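Enquirer: Sharing a structure below in structure tokens format, with a few things to ask.
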Amino acid sequence: MRIESAPKLQDYYYELPEEFIAKYPLEHRDKSKLLHYENGTVLHEKFSNIAGLIPENSQLVFNNTKVIPARLHFQKATGAKIEIFLLNPILPSSLIQQSMESTGPVTWKCMIGNLKRWKENELLTSQIHIGSLTYNLEAKLIDRENRAVELNWNPKNKSFASIVEASGEVPLPPYLNRAAEEGDKLRYQTVYSDKEGAVAAPTAGLHFTDKTLTDLTSKGISLEYLTLHTGAGTFQPIKHDNVIEHPMHSEQMVFSKQNILNLIATKGNIIAVGTTSMRSLESLYWFGVNLLNGNTDVFHIEKLAPYQEYPSLPGKTESLTAILNWMQQNELDHLTGTTEIFIFPGYKFKLCNGLVTNFHQPGSTLILLVAAFTHGNWKEIYKEAINNNYRFLSYGDSSLLWNEKLT
């Protein structure tokens, strides 16, 4: 799958009036609009009716990551305020789940607001109240150049996840241009969120309710859950007209052996709920390609890996079976990897033929993904959404898009 011509950023802009950006969510998750796109045709539906638009024996794949209140605030004795935005764990493990479960000191790579006011190894403290107990949270800048911060707390009878939950602020997307409010703690989270570690919500999932999920399973549609911890890089704008030069962020994924078995068994549509699920599933395929070609047994998918020349490319089942065999040989029940995969027009989808997703920012990597998935018809889709007063971005309305629907 070679890159025939590099996409140009100027071709992926559209006019997004400020009033179309949803600053707040609807009161009821499933009352949003749903744009349904198939074979060049757009229909306008309600999200609560999504089960009626998906064929039986399909599989929906959700990202069950849980957003952590990743903004931590400290104040020095001088009055200077320091904000720490958690990005990626370093110690005691680079695995997000292990770091969140830790009851001892952790070190994270962070973005730091007002960094110039914070001296290296200077200790910042704040008090946290959980129930009737008071906890002292300490932050120490141990590596200014790499923005590495050590966090410690006393007493140590709570996990880092609990400490962050009690002390942090929800990291709303910057384009909402407002401070997080108490209601965001619940609404900027999917109803099926489970694994702490994301700093941005997989927003396609925000529309699902328990009833919606029940409607899907009642129709014979299977629900599958993987984990990709969405990073802050998802909001990083493209600054190069040649989009291939854009540095893609690396995100951590976790699949279970049962995920692999269920994907192999699925003969119908595989529908990714959100671009994070899409990127995870497509990355999984390419890991199988690497195993079959003897390239590596490290699960890391580089930005342009799909666009290299390969002797041959396997089908879905062959690729996934190679991964399953490798997991069995290594006695693994779970597979953890990272991906920088960049999906743009010209990409041929290997596992997914359906996508549930919100409406994305102009000139973003996510618009490029949608353009690739809809065979370049994204402009017509977005024009229809604007003409019909859809709400855009994280708290906005939704769409169900088909690349190649199986009946």
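Enquirer: For region 283-319, give me the residue count where each residue is in a loop (DSSP other than H, G, I, E, B), of a type in the set (Phe, Trp, Tyr) and within 19 Å of the chain's Cα centre (by Cα). Explain how you work it out, then say what you get.
Expert: As a first pass, look at region 283-319 and keep what is in a loop (DSSP other than H, G, I, E, B): 293-299, 302-304, 308-315.
Narrowing the set further to residues that are of a type in the set (Phe, Trp, Tyr) leaves 299, 310.
If we keep only those that are within 19 Å of the chain's Cα centre (by Cα) as well, we get 299.
Residues flagged as in a loop (DSSP other than H, G, I, E, B), of a type in the set (Phe, Trp, Tyr) and within 19 Å of the chain's Cα centre (by Cα) within region 283-319 amount to 1.
Enquirer: Return only the number of the condition from (1) in a helix (DSSP H, G or I); (2) touching a Ser or Thr at 6+ places or on another chain (Cβ under 9 Å) that residue 11 does not satisfy.
Expert: (2)
Enquirer: On to the next question. For region 74-108, name all the residues that are open to solvent by 60 Å² or more (accessible area, probe 1.4 Å) and of a type outside the set (A, V, I, L, M).
Expert: 75, 78, 81, 88, 92, 94, 97, 98, 101, 103, 105, listed by residue number.
Enquirer: Right, next: Condition (residue is closer than 24 Å to residue 59 by Cβ, in contact (Cβ under 8 Å) with a residue 12 or more places away in the chain, β-branched (Val, Ile, Thr) and buried (at least 16 other Cβ atoms within 10 Å of the Cβ)) applied to region 240-247: is it met by at least one residue? Talk me through it step by step, then tell me what you get.
Expert: First, pick out the residues of region 240-247 that are closer than 24 Å to residue 59 by Cβ: none.
No.
Enquirer: Residue check, residue 233 against (1) modelled with pLDDT of 95 or more; (2) not in a loop (DSSP other than H, G, I, E, B), all met but one. Which one?
Expert: (1)
Enquirer: Pairs only if they're at least six apart or on different chains, beta carbon under 7 angstrom, first in region 314-339 and touching a residue at least 12 places away in the same chain (Cβ under 8 Å) and within 15 Å of residue 254 (Cα to Cα), second among the aromatic types (Phe, Trp, Tyr) and in a helix (DSSP H, G or I); list them, first residue then second.
Expert: 323/287; 337/287
Enquirer: Out of curiosity, is residue 390 assigned to a loop (DSSP other than H, G, I, E, B), in contact with a Pro (Cβ under 9 Å, 6 or more places away or on another chain) and closer than 23 Å to residue 36 by Cβ?
Expert: Details: assigned to a loop (DSSP other than H, G, I, E, B): yes; in contact with a Pro (Cβ under 9 Å, 6 or more places away or on another chain): no; closer than 23 Å to residue 36 by Cβ: yes.
When the stated conditions are applied, residue 390 does not pass them.
Enquirer: For region 352-385, give me the residue count where each residue is in contact with a Phe, Trp or Tyr (Cβ under 9 Å, 6 or more places away or on another chain), open to solvent by 10 Å² or more (accessible area, probe 1.4 Å) and part of a loop (DSSP other than H, G, I, E, B).
Expert: 6
The rows are residues; the columns are (1) assigned to a loop (DSSP other than H, G, I, E, B); (2) at pLDDT below 95; (3) hydroxyl-bearing (Ser, Thr, Tyr); (4) farther than 30 Å from residue 135 by Cα.
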{"site": "30", "(1), (2), (3), (4)": "no, no, no, yes"}
{"site": "35", "(1), (2), (3), (4)": "no, no, no, yes"}
{"site": "45", "(1), (2), (3), (4)": "no, no, no, yes"}
{"site": "79", "(1), (2), (3), (4)": "yes, yes, no, no"}
{"site": "82", "(1), (2), (3), (4)": "no, no, no, no"}
{"site": "94", "(1), (2), (3), (4)": "yes, yes, yes, no"}
{"site": "98", "(1), (2), (3), (4)": "no, yes, no, no"}
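Enquirer: Which count do you get for residues in region 110-160 that are part of a loop (DSSP other than H, G, I, E, B), open to solvent by less than 80 Å² (accessible area, probe 1.4 Å) and under 13 Å from residue 76 (Cα atoms)?
Expert: Of the residues in that region, 3 qualify.
Enquirer: Okay, moving on. Is there any pair with a first residue in region 120-140 that is over 18 Å from residue 71 (Cα atoms) and a second that is part of a strand (DSSP E or B) and open to solvent by 80 Å² or more (accessible area, probe 1.4 Å) whose Cβ atoms are under 8 Å apart and which are 6 or more apart or on different chains, and what are they?
Expert: Matching pairs, first to second residue: 134/127.
The values are calculated or read from the model by the stated rules, or taken from the named source; none is laboratory data. The model shown is predicted, which means the values in this text are computed figures rather than measured ones. Every residue, glycine among them, receives a Cβ derived from its backbone with ideal geometry; neighbour counts consider all protein chains shown. Side chains included, ligands, DNA and RNA excluded: accessible areas come from the protein's heavy atoms. Shrake-Rupley method; radii C 1.70, N 1.55, O 1.52, S 1.80 Å.
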